[in-house]
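The values are calculated or read from the model by the stated rules, or taken from the named source; none is laboratory data. Note that the coordinates shown come from a computational prediction; the quantities given were computed from them, not determined experimentally. When we count neighbours, we look across all protein chains shown, and the Cβ atoms used for this are built from the backbone with ideal geometry, even at glycine.
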Amino acid sequence: AQSVTQPDIHITVSEGASLELRCNYSYGATPYLFWYVQSPGQGLQLLLKYFSGDTLVQGIKGFEAEFKRSQSSFNLRKPSVHWSDAAEYFCAVGARNTDKLIFGTGTRLQVFP
Amino acid sequence: GAGVSQSPRYKVAKRGQDVALRCDPISGHVSLFWYQQALGQGPEFLTYFQNEAQLDKSGLPSDRFFAERPEGSVSTLKIQRTQQEDSAVYLCASSFGRDYEQYFGPGTRLTVT
C-alpha cells in the first residue's frame with residue numbers, strides 16, 4: 001500500500017536560516033510527488049510537483065525538492081527562510097493509475113525573527 | 001480566474017443532523033475530489049469524480065456519507081445522521097484530469113456537537 005512519512009512533526013528555524021523538510025514514501029513504482037503548504041484556515045497550495053524527468057524540481061516561493069529513488073525520498077528545501085513561510089507543509093504521493101493523493105501527517109514550521 | 005470554492009466555510013451540526021457541503025470546482029476541470037482532514041492530520045481521500053461519474057468512493061468511511069456531481073460541475077458531499085467523529089475539515093479539489101495537479105478549496109470546517 002502507498003504511504004507517506006514525514007518524520008518531523010514540528011520544526012523551528014530562525015529567519016534567514018536554511019530549511020529541509022523530510023518526506024519518505026512507500027510505493028511500488030515511480031509515483032507522482034507533491035509538496036503542499038497550508039496556512040491557518042486556508043486550503044492547500046501547491047508548492048511543487050515531480051512527475052518525471054529532472055529529479056531536482058523548482059517550485060514557488062523559492063522552494064525546491066529533490067526526488068531520490070534509491071532513498072524513496074522527496075525532501076523539500078529552501079536556502080533562506082522568511083517569516084511568512086511559517087505554516088504546515090504536507091508531502092503527498094499520487095499513483096499513476098489513480099488520481100487520489102496520499103498525504104503525510106504534515107510538518108509544522110515555525111520561524112523565529 | 002476563480003479558484004475552487006466551498007460553502008459553507010463553517011458548519012455546526014447537532015449529532016444526528018444531516019449536513020450538505022458544496023464544492024464549486026474550477027471551470028473546465030474534469031476531475032473532482034473530496035478529502036477529510038482531521039485535526040492535526042493530513043487530508044485523507046474520500047471520493048473522486050470524473051465529470052459526473054463517481055469512479056472511486058473507497059475512502060468514504062460509512063454509508064452515512066454520500067457524494068454526487070450530477071451535471072459534472074458542482075458537487076455536494078452529504079453526511080447523514082452526523083456523529084462526533086465526523087468533525088473535521090472537508091476539502092474539495094479539482095483538476096483537468098489525470099496527470100494534472102489538484103487545486104484545493106479553502107475547506108468546510110464541520111463541528112458536530
- Within the range B:4-13, residues assigned to a loop (DSSP other than H, G, I, E, B) and more than 15 Å from residue B:104 (Cβ to Cβ) come out as B:8
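So which of A:95, A:87 ends up being under 20 Å from residue B:43 (Cβ atoms) and over 15 Å from the mean Cα position of the chain (by Cα)? Working first, answer last.
Details: A:87 fails: over 15 Å from the mean Cα position of the chain (by Cα).
Sole residue among the options that is under 20 Å from residue B:43 (Cβ atoms) and over 15 Å from the mean Cα position of the chain (by Cα): A:95.
Looking at B:1, B:72, B:16, B:40, which one is at pLDDT 95 or above, among the small types (Gly, Ala, Ser) and assigned to a loop (DSSP other than H, G, I, E, B)?
Details: B:1 fails: at pLDDT 95 or above; B:72 fails: at pLDDT 95 or above; B:40 fails: at pLDDT 95 or above.
The conditions single out B:16.
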- Single residue of the range B:49-91 satisfying the filter (within 14 Å of chain A (Cβ to nearest Cβ) and touching a Lys or Arg at 6+ places or on another chain (Cβ under 6 Å)) that is surrounded by the fewest Cβ atoms within 10 Å (Cβ to Cβ): B:89
- Query: Does any residue of the range A:12-20 turn out to be closer than 23 Å to residue B:95 by Cα, in contact with a Pro (Cβ under 7 Å, 6 or more places away or on another chain) and in contact (Cβ under 8 Å) with a residue 24 or more places away in the chain?
  - Reply: no
- Message: When the residues of the range A:23-41 are narrowed to those that are farther than 23 Å from residue B:98 by Cβ and out of contact with any Phe, Trp or Tyr (no Cβ under 9 Å at 6 or more places or on another chain), which ends up surrounded by the fewest Cβ atoms within 10 Å (Cβ to Cβ)?
- Response: A:40
- In the range A:16-41, how many are within 14 Å of residue A:85 (Cβ to Cβ) and within 13 Å of another protein chain (Cβ to nearest Cβ)? 6
- Task: Select from the range A:74-111 the residues that are free of Cβ contacts under 8 Å to residues at least 60 places away in the same chain, over 13 Å from residue A:38 (Cα atoms) and either away from chain B (no Cβ under 14 Å) or in a strand (DSSP E or B) (or both) and list them in ascending order.
- Result: A:74, A:75, A:76, A:77
- Message: Given the condition over 22 Å from residue B:100 (Cβ atoms) and of a type in the set (Lys, Arg), answer yes or no: does some residue in the range A:53-75 qualify?
- Response: yes
- Go through (1) modelled with pLDDT of 95 or more; (2) part of a loop (DSSP other than H, G, I, E, B); (3) more than 30 Å from residue A:10 (Cα to Cα) one by one and return the number of the condition residue B:66 breaks. (2)
- Could you check, for the range A:53-73, whether at least one of its residues is crowded, with 21+ Cβ neighbours inside 10 Å, within 10 Å of chain B (Cβ to nearest Cβ) and part of a strand (DSSP E or B)? no
- Look at the range B:14-32 and say how many of its residues are touching a Cys at 6+ places or on another chain (Cβ under 6 Å) and more than 14 Å from chain A (Cβ to nearest Cβ). 0
